[in-house]
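All remarks here apply to the structure that follows.
The values are calculated or read from the model by the stated rules, or taken from the named source; none is laboratory data. Note that the coordinates shown come from a computational prediction; the quantities given were computed from them, not determined experimentally. Here the Cβ positions follow ideal geometry from the backbone for every residue, glycine too, while neighbour counts run over all protein chains shown.
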Amino acid sequence: MKEFEKGFIELATDFNVLRFGEFKLKSGRISPYFFNAGQFNTGKAIKTVGQLYSQKILDSKVEFDLLFGPAYKGIPLVTAVSSALSDHKDCQFMYDRKEVKDHGEGGNLVGATAEEIKGKRILIVDDVITAGTAIKQSVDVIVKAGGIPVGVVVAIDRQEVGSNNSAGEQERTSAVMDIQKTLNIPVYSIVKLDSIIEYIEGGYGGEKYVAYLEKIREYRRVFGV
Ligand SMILES: O=P(O)(O)OC[C@H]1O[C@H](OP(=O)(O)OP(=O)(O)O)[C@H](O)[C@@H]1O
């Protein structure tokens with residue numbers, strides 16, 4: 001596994017962003033692991049996260065002019081990522097508000113101005129895709145503002161069948177795959193569930209995670225794509 005994948009999992013477990021146990025998800029599934037990027041809550045942690053995203057973006061060779069982070073968790077992420085990227089490429093960033101502001105500058109976009117967004121290739125930065133709602137909304141916001149969505153980068157791809165997926169067993173698709181297909185944009189992730197399995201199998205996290213391995217593999221078998 002790649003060093004930055006290992007580094008990311010290490011950081012995520014250190015900060016309880018990635019936890020193992022039994023968690024009920026929005027989909028109703030009981031997951032043996034849980035990811036909460038809100039726990040990257042120190043300056044150094046968010047700086048490192050920004051660097052790891054930045055490395056993934058550079059590796060992907062995706063071409064873009066501007067970064068967009070959906071509220072709320074996308075906001076500190078897009079800020080940290082654009083700061084980390086600035087050593088290679090200094091670009092503008094923007095984010096949205098969940099509620100429209102009706103005074104002052106108004107509107108629901110912060111950062112790059114309406115004029116600056118028009119015709120720009122925009123890369124979306126978020127923590128995780130579950131059903132894909134946040135990304136679809138982000139694409140709508142970007143297109144409405146005259147920008148061109150060119151891709152999505154997230155921390156983790158759970159590699160599991162979308163909760164709205166009604167296709168038969170042979171056609172299981174994940175929310176990530178649905179986004180790539182329906183919106184026709186690539187989705188990059190720093191790690192996938194497979195990377196987490198590989199990390200534990202490789203003994204990188206020590207003995208403490210091995211107890212969860214079978215449950216994670218089972219979850220992957222039942223809900224995986
Ligand atoms: O693919 P989806 O089903 O949309 O789920 C993923 C989204 O859900 C979370 O945001 P949410 O708006 O729930 O919370 P936040 O305000 O904490 O970012 C997360 O940060 C993603 O943006």
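Here are a few things to note about the model shown:
- Hits in the range 91-105 - residues which are assigned to a loop (DSSP other than H, G, I, E, B) and either aliphatic (A, V, I, L, M) or touching a helix residue (DSSP H, G or I) at 6+ places or on another chain (Cβ under 8 Å) (or both): Cys91
- Just so you know, in the range 1-55 the residues that are touching a strand residue (DSSP E or B) at 6+ places or on another chain (Cβ under 9 Å), among the small types (Gly, Ala, Ser) and in a helix (DSSP H, G or I) include one that is surrounded by the most Cβ atoms within 10 Å (Cβ to Cβ), and it is Ala12.
- Restricting attention to the range 61-85 and to residues that are under 15 Å from Ala112 (Cβ atoms) and part of a loop (DSSP other than H, G, I, E, B), the residue that is farthest from the chain's Cα centre (by Cα) turns out to be Asp65.
- Neighbours by Cβ (under 9 Å, 6+ apart or cross-chain): first from the range 179-202, in contact (Cβ under 8 Å) with a residue 40 or more places away in the chain and farther than 21 Å from Ile57 by Cβ; second in a loop (DSSP other than H, G, I, E, B) and aromatic (Phe, Trp, Tyr): Glu198/Tyr204
- Considering Lys73, Lys56, Lys61, Lys44, the condition of being more than 15 Å from the ligand (Cβ to nearest atom) and closer than 19 Å to Ala134 by Cβ is satisfied by Lys56 alone.
- Considering residues of the range 1-29 that are modelled with pLDDT under 95 and among the aliphatic types (A, V, I, L, M) only, the residue farthest from Leu193 (Cα to Cα): Leu25
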